[in-house]
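One structure is given below, encoded as structure tokens.
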Amino acid sequence: MNMSDAGKFMIFCAEQYKLEKKLNGKQLDDLFSRYDVWGYIYDCYDALHTVGRNYIIHDIDLYLQAREPA
């Protein structure tokens, strides 16, 4: 079974975010699932896969901030 490029990229983003924010796997999955970060990364694959790690982490942070209740 071959994983799609988008799937591999989603895992890369998740691992990088997890390391940067010092989260465990469950914390990361809970956060990404609650705010549909998985869907965001998948939907934005074409744009996000062309940028660097720091930009991706910052972009995920902005996405999460926009979805936090006021």
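Tell me, what % of the accessible area of the chain is carbon and sulfur with a 1.4 angstrom probe?
Details: 2530 of 4820 Å².
The computed percentage sits at 52.
Work out the length of the dipole vector of the chain about its Cα centre, built from +1 on the beta-carbon of each Lys and Arg and -1 on the beta-carbon of each Asp and Glu, and round it to the nearest 20 debye.
Roughly 260 debye for the chain.
Looking at the square roots a ≥ b ≥ c of the eigenvalues of the Cα gyration tensor of region 1-50, which shape do they give, rounded for a/c under 1.5, prolate if a/b is larger than b/c, or oblate? Numbers along the way, then the final one.
Values: a/c = 1.69, a/b = 1.56, b/c = 1.08.
Verdict is prolate for region 1-50.
Of 28, 4, 63, which is farthest towards the positive pole of the chain's charge dipole, taken about the Cα centre with +1 and -1 on the beta-carbons of Lys, Arg and Asp, Glu respectively?
Of the candidates, 28 comes out farthest on the positive side.
Between residue 67 and residue 16, how high is the FRET efficiency from 1/(1 + (r/R0)^6) when r is the Cβ-Cβ distance and R₀ = 35 Å? Nearest 0.05.
Working from the Cβ atoms, E equals 0.95.
Provide the gained length on full extension for the span residue 51 to residue 24, in nm with one decimal, where the gain is 0.36 nm per separating residue minus the Cα-Cα distance.
7.3 nm
The values are calculated or read from the model by the stated rules, or taken from the named source; none is laboratory data. What you see is a predicted model, and the numbers here were worked out from it, not measured in a lab. Cβ atoms come from the backbone with ideal geometry, glycine included; neighbour counts cover every protein chain shown. Remember, those area values only see protein heavy atoms, side chains included, never the ligands or the DNA or RNA. Shrake-Rupley method; radii C 1.70, N 1.55, O 1.52, S 1.80 Å.
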